[in-house]
Amino acid sequence: MPRPLSGFLAVLAAGGWLAAAWYLWQTSVPTGLDLPDLEPSRFFSRATLEEADDYGLVLDVLAVGAAAALVAVLAVYAAKGAAFARESAAGRIGTGMLLGMLGLGLVWLFQIGFGVAQLWWQRRHGLSRQGYVEWLLGDWWALGAEFLFVCLALVIVMGLAGPLGDRWWLAAAPAFVGLTLLFAFLLPYLLAEATARPDPQLAADARRVAATQGVEKVPLRVQEVSGHTSLPNAYAAGLGPSRKVVLWDTLLDDRFSDEEVLVVVAHEYGHHAQQHIWKLAGWFALFAFPGTAIVALATRRRGGMRRPEAVPLGLFLVVVLQLLAQPVSNEFSRRLEAEADWRALEATRDPEAAAGLFEEFTRLALEDPEPPGWAYFFQATHPSVMERIAMAEAWRARREGRSRAG
Ligand SMILES: [Zn+2]
């Protein structure tokens, strides 16, 4: 390609990237919304704050340790793993897949200690009801799913790198985005077995808060998880006709009021109403293109992703790039979650129930209401409990301001 043309294309791509990032970054939370600075001690006893603080700190330290171990294991594997490629007779892509699985197996071995420690800590606080053997079996199945995923990714990358050379990423990035969308679409069908219809009263209430957001066609389902955990949770899943809102049955065991459960329901419908799953896929696409381009460039001295020798280095790069992107992706996720909270406040018009729900996250699930800055930066996918209570208060202050003005 002549130089001026490729320069022009690069500027065009960078401009498009920035415009797309700016578009995805926008939310319907009013700009200039003034979140009050609230003292946790106004809402929680000193004992609760200390327990949540301790609980969160150990989990954060374990997460950092697990990430450091992951990078270290893959760095060693990237340096030494290529040696295994010479001893395999499975062909180019087959050898690459073997190397990918070997890397994943090593990661699993070095991560298992962190997983066991995390489970021990959760059980100690009465938040997990899983036994160690049961957990290990579940982890084994998760490893199987990861094997499949890594093999599929390697077939795509190494398959494309054969004919396309170092330009494989231009075709692989859209393929990964397409697979992400396909998986997001199929997920509710994969989960269908594990979910049931809610009772008629809850279903009727849910339809009402869904209707205020224009998503009343999206059904509500309840997933039975109370055998494994006492943690309350819910999620929005699916795209278009497969969309569902799923509540864990741990929300429906009388620890939460009906009004609080409805705030959760409205929050999840808010995710669908604001097309958050599409937005997350868009966000993934923004990173898939430069991320795969970097992997293509950085593996060139190993012969590029055509060669199985490059697979260990490729795995290492993907993990490091993901960790580097995590703080900004977390901030993106927190913006979507804050928007879903705002939609829930607008749909339920019940800031007391919203604040009560967020307080329960600390009392019942030991969420640190104000996590340390570093943990928030690297890990938090949701606004902190104090930020969420502050938003409920800000919503009420706006309503009172409006009714005074009117
Ligand atoms: Zn959410």
(request) Out of LEU170, LEU160, LEU187, report the one residue that is more than 30 Å from ALA392 (Cα to Cα), surrounded by fewer than 19 Cβ atoms within 10 Å (Cβ to Cβ), of a type outside the set (D, E, K, R) and more than 16 Å from the ligand (Cβ to nearest atom). (result) LEU170
(request) Report the residue count in the stretch 73-109 for those that are of a type outside the set (A, V, I, L, M), surrounded by fewer than 16 Cβ atoms within 10 Å (Cβ to Cβ) and within 30 Å of TRP135 (Cα to Cα). (result) 1
(request) Return yes or no: is LEU57 outside any helix (DSSP H, G or I) and surrounded by 11 or more Cβ atoms within 10 Å (Cβ to Cβ)? (result) no
(message) Just to verify a result, which residue in the stretch 380-403, among those that are among the hydroxyl-bearing types (Ser, Thr, Tyr) and within 16 Å of the ligand (Cβ to nearest atom), is farthest from GLU370 (Cα to Cα)?
(response) THR381
(message) If I filter the stretch 334-343 for residues that are outside any helix (DSSP H, G or I) and either within 14 Å of the ligand (Cβ to nearest atom) or more than 17 Å from HIS271 (Cβ to Cβ) (or both), do I get at least one hit?
(response) no
(request) Please state which of the following conditions GLU259 fails to meet, knowing it meets all the rest: (1) within 12 Å of the ligand (Cβ to nearest atom); (2) out of contact with any strand residue (DSSP E or B) (no Cβ under 8 Å at 6 or more places or on another chain); (3) not β-branched (Val, Ile, Thr). (result) (1)
(message) I'm trying to understand the selection: among the residues of the stretch 18-32, which are in a helix (DSSP H, G or I) and surrounded by 12 or more Cβ atoms within 10 Å (Cβ to Cβ)?
(response) ALA20, ALA21, LEU24, TRP25
(request) For VAL264, work out the one condition from (1) in contact (Cβ under 8 Å) with a residue 60 or more places away in the chain; (2) β-branched (Val, Ile, Thr); (3) away from the ligand (no atom under 16 Å from the Cβ) it doesn't fulfil. (result) (3)
(message) I'd like to check something: does the stretch 353-367 contain any residue that is in contact with a Leu (Cβ under 8 Å, 6 or more places away or on another chain) and farther than 29 Å from GLU51 by Cα?
(response) no
(request) Kindly check whether there is at least one residue in the stretch 346-369 that is part of a loop (DSSP other than H, G, I, E, B) and within 16 Å of the ligand (Cβ to nearest atom). (result) yes
(message) Taking the conditions exactly as written (of a type outside the set (D, E, K, R), within 26 Å of GLN223 (Cβ to Cβ) and in contact with a Ser or Thr (Cβ under 6 Å, 6 or more places away or on another chain)), does PHE185 satisfy them or not?
(response) yes
(request) Answer yes if at least one residue in the stretch 35-50 is charged (D, E, K, R), more than 21 Å from the chain's Cα centre (by Cα) and not in a helix (DSSP H, G or I), and no otherwise. (result) yes
(request) Return only the number of the condition from (1) within 30 Å of MET391 (Cβ to Cβ); (2) more than 28 Å from the chain's Cα centre (by Cα); (3) of a type outside the set (A, V, I, L, M, F, W, C) that LYS80 does not satisfy. (result) (1)
(request) Just give me the residues in the stretch 123-148 being surrounded by 14 or more Cβ atoms within 10 Å (Cβ to Cβ) and closer than 20 Å to GLY105 by Cα, in sequence order. (result) TRP135, LEU136, ASP139, LEU143, GLU146, PHE147
(request) Report whether or not ALA325 is surrounded by 18 or more Cβ atoms within 10 Å (Cβ to Cβ), in contact (Cβ under 8 Å) with a residue 12 or more places away in the chain, away from the ligand (no atom under 16 Å from the Cβ) and more than 30 Å from ALA89 (Cβ to Cβ). (result) no
(message) Looking at LEU317, LEU297 in this structure, which one is more than 16 Å from the ligand (Cβ to nearest atom), farther than 30 Å from GLY32 by Cα, part of a helix (DSSP H, G or I) and under 25 Å from the mean Cα position of the chain (by Cα)?
(response) LEU317
(request) Check whether at least one residue in the stretch 369-379 is closer than 20 Å to GLU259 by Cβ, of a type in the set (S, T, N, Q) and in contact (Cβ under 8 Å) with a residue 24 or more places away in the chain, and report yes or no. (result) no
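Each value in this text was obtained by applying a stated rule to the coordinates, not by laboratory testing. Since the model is a prediction, treat every value here as computed from it, not as a measurement. When we count neighbours, we look across all protein chains shown, and the Cβ atoms used for this are built from the backbone with ideal geometry, even at glycine.
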